[in-house]
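**Q** Pasting a structure here, questions to come.
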Amino acid sequence: NAGVTQTPKFQVLKTGQSMTLQCAQDMNHNSMYWYRQDPGMGLRLIYYSASEGTTDKGEVPNGYNVSRLNKREFSLRLESAAPSQTSVYFCASSRQGGDTEAFFGQGTRLTVV
Amino acid sequence: GESVGLHLPTLSVQEGDNSIINCAYSNSASDYFIWYKQESGKGPQFIIDIRSNMDKRQGQRVTVLLNKTVKHLSLQIAATQPGDSAVYFCAENRAAGNKLTFGGGTRVLVKP
């Protein structure tokens, strides 16, 4: 039972490079989320998808784009990476948008130099 | 803006003692308040939630208290164990909002 799977686990980018973080869940959840976590801080919502075919901005969407490819997959794209985007990125899913229990992946540690 | 925050960044607890983690919130419109645990190198994990019309809810070794008068939330862990060492986050959710908003976290260190 894999739950929420994120790839890659670690990535180093140069300023201006682009990349896509992949996320897949096997729990048949409707809602998916992308958070970032900076050192010593809580999680801030970047984007979320309440259901397949919909995406909405969260608290810190600037510099990111997302795609809800299908019910299982929700990707996060950095078009032109900046050092301020150095962070740990977590993908999560929940059965539906109002649920209090979200299931998180292991995270992607991204460093932009 | 509306936010969920924490009083103490680090809590050091003797193994076997009870732990109390506090959280202040400002959004009175929240439907639920939730506690998550994050172990080193892992994603957050749901512990317990409490609906906004309740004052207390108990789980296995954990109790969450909600004081709406002073907008305060706490998590009590009974008989703290080494496996309880982690960062604990409070979060709030509005069913209509489709998303969780997290506070800044408290690190709990359990001393043997």
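**Q** At a probe radius of 1.4 Å, what is the per-residue accessible area of residue A:12, in Å² to the nearest 10?
**A** Spelled out: residue A:12, probe radius 1.4 Å, area about 100 Å².
**Q** A further question follows. Could you rank A:100, A:20 by how accessible they are, 1.4 Å probe, largest area first?
**A** A:20, A:100
**Q** A further question on this structure: Could you tell me the relative contact order of chain A? Use alpha-carbon pairs under 8 Å, at least six residues apart, and round to a whole percent.
**A** 36
**Q** May I pose another question? Between residue A:22 and residue B:31, what FRET efficiency follows from the Cβ-Cβ distance if R0 is 45 Å, with the result rounded to 0.05?
**A** 0.90
**Q** Further question on the same structure: Collect residues whose amide H, placed 1.01 Å from N in the peptide plane, falls under 5 Å from the amide H of residue A:13; neighbours closer than 5 in sequence don't count.
**A** Residues meeting the amide H criterion: A:111, A:112, A:113.
**Q** With a 1.4 Å probe and all protein chains in place, put A:49, B:52, B:28, A:18 in order of accessible area, largest first.
**A** Order by accessible area, largest first: B:28, A:18, B:52, A:49.
**Q** Further question on the same structure: Students often get this wrong: which residues of the range A:75-113 have the backbone nitrogen under 17 Å from the point 7 angstrom along Cα-to-C-beta of residue A:38?
**A** It comes to A:81-90, A:109-113, nothing else.
**Q** Tell me the per residue accessible area of the range B:57-112 using a 1.4 Å probe; a whole number in Å² is fine.
**A** Each residue of the range B:57-112 exposes 46 Å² on average to a 1.4 Å probe.
**Q** Taking amide H positions as placed in the peptide plane 1.01 Å from N, state which residues far from residue B:99 in sequence (5 or more) or on other chains have amide H under 5 Å from it.
**A** Those lying under 5 Å, H to H, from residue B:99 are B:94.
**Q** What does the buried accessible surface come to for A and B, summed over both chains, with the probe at 1.4 Å? Round to 100 Å².
**A** 1600
**Q** How large is ³J(HN,Hα) for each residue in the range A:102-109, as worked out from phi by the Karplus curve 6.51 cos²θ - 1.76 cosθ + 1.60 (θ = phi - 60°), to whole Hz, x for Gly and Pro?
**A** 3J(HN,Hα) across the range A:102-109, in whole Hz: 10, 10, 9, x, 7, x, 10, 8.
**Q** So, one more: What ratio of Cα Rg to 2.2 N^0.38 Å holds for the range A:70-113?
**A** 1.41
**Q** Whose amide H sits under 5 Å from the amide H of residue A:58, counting only residues 5 or more places off or on another chain, with H placed in the peptide plane?
**A** Excluding prolines and chain starts, which carry no amide H, the hits are A:47, A:48.
**Q** Relative contact order for chain B using alpha-carbon pairs under 8 Å, separation at least 6, rounded to a whole percent?
**A** Computed over chain B, the figure is 38 percent.
**Q** Heavy atoms only, probe 1.4 Å: what % of the accessible area of the range A:1-82 goes to carbon and sulfur, would you let me know?
**A** 46
**Q** At a Cα cut-off below 20 Å, give the aspartates and glutamates reachable from residue A:9, other chains included and same-chain residues fewer than 8 away excluded.
**A** Of all the aspartates and glutamates, those that pass the test against residue A:9 - Cα under 20 Å, at least 8 places apart if same chain - are A:26, A:38, A:73, A:79, B:39.
**Q** Measuring from a point 7 Å past the Cα of residue B:70 along Cα-to-C-beta, which residues in the range B:13-50 have an amide N at less than 17 Å?
**A** Answer for this model: B:20-27.
**Q** On the principal axes of its Cα set, how long, how wide and how thick is the range B:1-95? Give whole Å, largest value first.
**A** That works out to 36, 26, 22 Å along the principal axes.
**Q** Additional query: Taking the simple approach of a point 7 Å from Cα along Cα-to-Cβ for both residue A:71 and residue B:10, what is their distance in nm?
**A** Between residue A:71 and residue B:10, the simple spin-label model gives 4.6 nm.
**Q** Moving on to the next point. Restricting to DSSP loop positions (anything but H, G, I, E, B) with no more than 16 other Cβ atoms inside 10 Å of their own Cβ, which chymotrypsin sites (Phe, Trp or Tyr not before Pro) remain in the range A:1-65?
**A** Filter output for the range A:1-65: empty list.
**Q** While we're here: For the protein assembly as shown, what does the alpha-carbon gyration tensor say about shape, rounded, prolate or oblate, given a ≥ b ≥ c as the root eigenvalues, a/c under 1.5 as rounded, and a/b over b/c as prolate?
**A** It is prolate, given that a/c is not under 1.5 and a/b is the larger ratio.
**Q** Same structure again: Residue by residue through the range A:6-16, what is 3J(HN,Hα) from phi via Karplus (6.51 cos²θ - 1.76 cosθ + 1.60, θ = phi - 60°)? Round to whole Hz and write x for glycine and proline.
**A** Once rounded to whole Hz, the list reads 10, 9, x, 8, 9, 7, 10, 10, 8, 3, x.
The values are calculated or read from the model by the stated rules, or taken from the named source; none is laboratory data. Small disclaimer: the values here were computed from a predicted structure and weren't measured. Here the Cβ is made from the backbone with ideal geometry for all residues, glycine too, and neighbour counts use every protein chain on show. Each accessible area value is taken on the protein alone, full model and side chains, heavy atoms only, with ligands, DNA and RNA left out. Shrake-Rupley method; radii C 1.70, N 1.55, O 1.52, S 1.80 Å.
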